[in-house]
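Remarks on the structure that follows.
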Amino acid sequence: MGEDISRKIELRVSNHKAYVWDVNDLATLRAEHHICGVLTGTLPHLSQQNVFLGVPLVLLPEEVVLLVRKQLAVLVDDPNAHRQPSPSELLRWNAERISSTKIQLAATEAKEAQQRESTRTMSEEAMRKRKQREEKRAAAARAKAIAEGADPDSLPAESPAMEERPNTPPGGVAGGPSAVYAVTVPAESTELEWYSPQSATYTTLEDAKVAGVWSYPSTLHERAKCAVFQDLWEKGHFMGVGIKFGGDFLVYPGDPLRYHSHFVATVHESPEFAIRPMEIVAHGRLGTATKKAHLLCGYDEGKQEVSYYSIEWAGFG
Amino acid sequence: MDDNLEHPHASSKPSLAQDRPPEDDEQSSADEDEGPDWTKLPTVARPIIPKRGEKDFEPKTSGGSGLQRHVLDRARSAMADALRATRTTSSKTISYAVWHPDIARANVTVARGIHFTTMGHSVARASAPGKNDDVKTAKRLELLPEEALYLVERGAMFCWKEIDLYEDPNLEGMDGAPMSVQQAFAEMIGKEDLTLEKYHVYAYLRRLGYVVTRTQPPSDAYPVAAPFKMPPVPRSSIWARCFAVLLSPFRRLLTMLRRRDWWRPVYLGRRLHHNLNNPSLFRALRFLPSGNDAPFRIKRKEEDSPYQIFYNLYKPSTPFKKTSPPAPDFSLVVVNARTTPMPTLAELHDLFEILPEVAPPGPRRRTAQPNKPVPPIEKPQPAANLPLFRRLFSWAYSGVLTPAPTPPRRPNPFAVLKQGKKMVVIAAVDAGTISFFRFGQGAFEDFPMN
């Protein structure tokens, strides 16, 4: 996990969304930087459920802004990082694929041979008996044919032993129609030789914005959200998506894998922002029902400060 | 640990989301916050969904106690192990496709597995133009970006990207440059109106077994459900209409006679009291039109609304034919929760305008009959199918042939009001978190409470 912290994490950006594909990066983000993101991909071996999801990890825009501002990560313009493979690269890729297939087929072959060996003792007797039966039947047929006046030489001889038919030859990729091997769909593009993120990397948000890769935050509300996120993160909290609880963020005291959140935070873009009484009642009600306190976060852009107020039901009567 | 695992079986499959442990009231609200417990996820390829785990309130000071740290590390490494699983599929079950970025379609070259009964559509494309002068068209199976991406993400399909391949015998078996899942995400999203939010919703529902198709056909070759039938306008031949005009006085007389309650021929109460019961009185007093059919006058904004129906949704149990999809079970709107405000009245009105009325909820059954589908309302036989004679004299038949139908039991108004007359599902996606909302059009004018 903490192999090389100084290495910046590559956030692969396409369509103004930032993804993390590397599981090591994902673990580093979580353990070292307290950034969780949202797993959104289908888990390959559990593909019919939505409780556990896999890579890619999609980051909240606020998380991206924080990571790049803190120089912990860089942005990669992903569509441009996939360049056209050259002929030699394609040749190498295909050769590797074929050789991996061959290795797999050979392994299967060896395994099957071993299995045959183990079952031979069982079936040998049965095979011998069947062979005897077939020979007897063939001999009877020939005797009958000779009796009817046919030339014994033109008749087919006994067929060679059937059980010696060769098993799947490990010849080519195809390896016979019955050869089964595993095909792997590569998850990360780093497995492809022609993936070159270096040419499309942006280290600051400004550069990425000029290049049209990343534009968040662009409004006052978005800036306020980034400021609130960063402030709470710097205080040591883990942050999650709050939409299921009617807020912008959930504020966790530790890793959300193990701990419940304490606050539902809503971001208000200026200290003079009007809040209707109805909202206070709604937030108080929902927060109490879910054992959380509601956090009103006001951002003052002039002073670059965030102030917090929490709502809880007082519980009289 | 194994006793915490439960084997999902076919009968409870659709309600996977409800398979979580039955929460007592104290826990129920906190359960969405209760993340999945990755340590209980088996690493072997076994289709077992573990129950959600317990969480602590907060870490002890100074970064948690030893036990807390141990449990957290275990959870993290279990999660990382599960995420490292590769997409490895047998060569006998994997499909192949070629992604054409210029037309935003993936052409399936090898189709295997059950997915293609509900995904992909066939398109006639000119095959190999330029080689010969006579361009031949051939039908081929093509996938929309979300369909291709979903199959690649599942590991069920290997996708090549269309490039000019060099003639080389060593490149045998390749149809282009191999694509990783990451590349598919980078290149397929953003094509053909597909956003990441829409893809998330698509994949979420596909993983649950729903069939998802586009509402607006992206091309002419894409089969879509027939547009919803609006209240049918009876169409009859000109002669029938002439006859109808001629016969209408007689018909009116007959209906009057028939409406008469012959069991109480001298019932005059209504006439005497000048219809002075409450409903009719209120009706007489009303001077503003009410109900959803009343014309809607609100100045609407000119710009395009984000609330457009994007997906048609079919339950796994609905018989689905790819070439002629039936009417959808649900219509789905996908919006980005970060940028889209609540739908306005005008937007909802526009949505409901194109949607059909849903069948009223069936009476609640006392006996335990799980998942009994609501019987579809019987459609009245369209008049055009009847013989001419019967069509002309339908007034005479109506009383004779249909033996006084028992009046249908009045449905529970509250169930109907809650369900609404028309229904649309809106999926609000905030950075990968999907919330589904159901908007119903309340039919309060149908159930006056007096």
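Bear in mind that the values in this text are calculations on the coordinates, not laboratory data. What you are looking at is a predicted structure, and each value in this text was computed from that prediction instead of being measured. All Cβ positions, even for glycine, are placed from backbone atoms using ideal geometry, and neighbour counts span all protein chains on display.
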Which of A:V74, B:V181, B:V110 has the fewest Cβ neighbours within 10 Å, and the rest in rising order: B:V110, A:V74, B:V181
Of all DSSP beta bridges with both partners in region B:95-192, the antiparallel percent, nearest 5, is 75
Modelled FRET efficiency - R0 56 Å, A:S99 with A:A139, Cβ distances, 0.05 increments: 0.70
For peptide B:185-193, how many partner chain Cβ atoms fall within 10 Å of a residue's Cβ, on average? 5
On Cα atoms only, tilt of A:23-33 relative to the major axis of chain A in degrees: 20
Quick calc, region B:95-192, dipole around Cα centre from Cβ unit charges on Lys, Arg (+) and Asp, Glu (-), nearest 20 debye, gives 380
Name the residue from A:P271, A:V228, A:L250 whose Cα lies farthest towards the positive end of the charge dipole of region A:217-316, charges +1 on Cβ of Lys and Arg and -1 on Cβ of Asp and Glu. A:L250
Between B:I163 and B:A226, what length in nm is gained on full extension when 0.36 nm per residue of separation is reduced by their alpha carbon distance? 18.9 nm
Out of all DSSP beta bridges with both ends in region A:218-317, state the antiparallel percent to the nearest 5. 70
Once Lys and Arg get +1 and Asp and Glu get -1 on their Cβ, which of A:Y299, A:L72, A:P56 lies farthest toward the positive end of the dipole of chain A? A:P56
Above-threshold pairs, the threshold being 29 Å between Cα atoms, out of B:K191/B:K315; B:K40/B:K92; A:K70/B:K60; B:K315/B:K418: B:K40/B:K92
Given the -39500 (n - 2.57) contribution per DSSP H run of 4+ residues, what per-residue ellipticity at 222 nm results for chain A, rounded to the nearest 500 deg cm²/dmol? -12500 deg cm²/dmol
Enumerate the amide H contacts of B:I426 below 5 Å, restricted to partners 5 or more residues apart or on another chain; note that Pro and chain-start residues carry no placed amide H. B:V333, B:F437, B:R438, B:F439
Estimated FRET transfer efficiency when R0 is 35 angstrom, pair A:M127-B:T117 (beta carbons, to 0.05): 0.25
Would you kindly derive the ³J(HN,Hα) couplings of region A:236-242 from the backbone phi angles with the Karplus curve 6.51 cos²θ - 1.76 cosθ + 1.60 (θ = phi - 60°), listing them in order in whole Hz, with x for Gly and Pro? x, 8, 8, 10, x, 6, x
Filtering trypsin sites (Lys or Arg not before Pro) in region A:248-317 by DSSP loop and by at most 16 other Cβ atoms within 10 Å leaves A:K291, A:K303
Dipole magnitude (debye, nearest 20) for chain A, charges at Cβ of Lys, Arg, Asp, Glu: 1140
Neighbour-count order for A:K111, B:K191, fewest beta carbons within 10 angstrom listed first: A:K111, B:K191
Mind checking B:431-438 for the average number of partner chain beta-carbons within 10 Å of each residue's beta-carbon? 5
Under a plain spin-label model, where a point goes 7 Å from the Cα along Cα-to-Cβ, how far apart in nm are A:A211 and A:Y309? 4.3
Please check chain A for the longest run free of GluC sites (Glu not before Pro) that are loop-located per DSSP (anything but H, G, I, E, B) and have at most 10 other Cβ atoms within 10 Å. A:4-147
Evaluate the charge dipole of region A:217-316 about its Cα centre and quote only its size in Debye, nearest 20, assuming +1 on the Cβ of each Lys and Arg and -1 on the Cβ of each Asp and Glu. 460
Cα-based helix-to-principal-axis angle, A:87-147 vs chain A, degrees rounded to 10: 30
How far is helix A:277-289 tilted, in degrees, relative to the longest principal axis of the Cα atoms in chain A, given as a value from 0 to 90 rounded to the nearest 10? 50
Ranked on Cβ counts within 10 Å of their own Cβ, fewest leading, A:S118, A:S196 go A:S118, A:S196
Across the residues of A:239-246, average count of Cβ atoms on other protein chains within 10 Å? 4
Selection from A:A140, A:I311, A:A110, by position along the positive dipole direction of chain A (Cβ): A:A140
Those chymotrypsin sites (Phe, Trp or Tyr not before Pro) in region B:141-204 that DSSP places in a loop and that have at most 15 other beta carbons within 10 Å: B:Y166
Expressed in nanometres to one decimal, the distance between label points 7 Å along Cα→Cβ at A:S199 and A:T184 is 2.7
How big is the antiparallel share of DSSP beta bridges in chain A, given as a percent to the nearest 5? 70
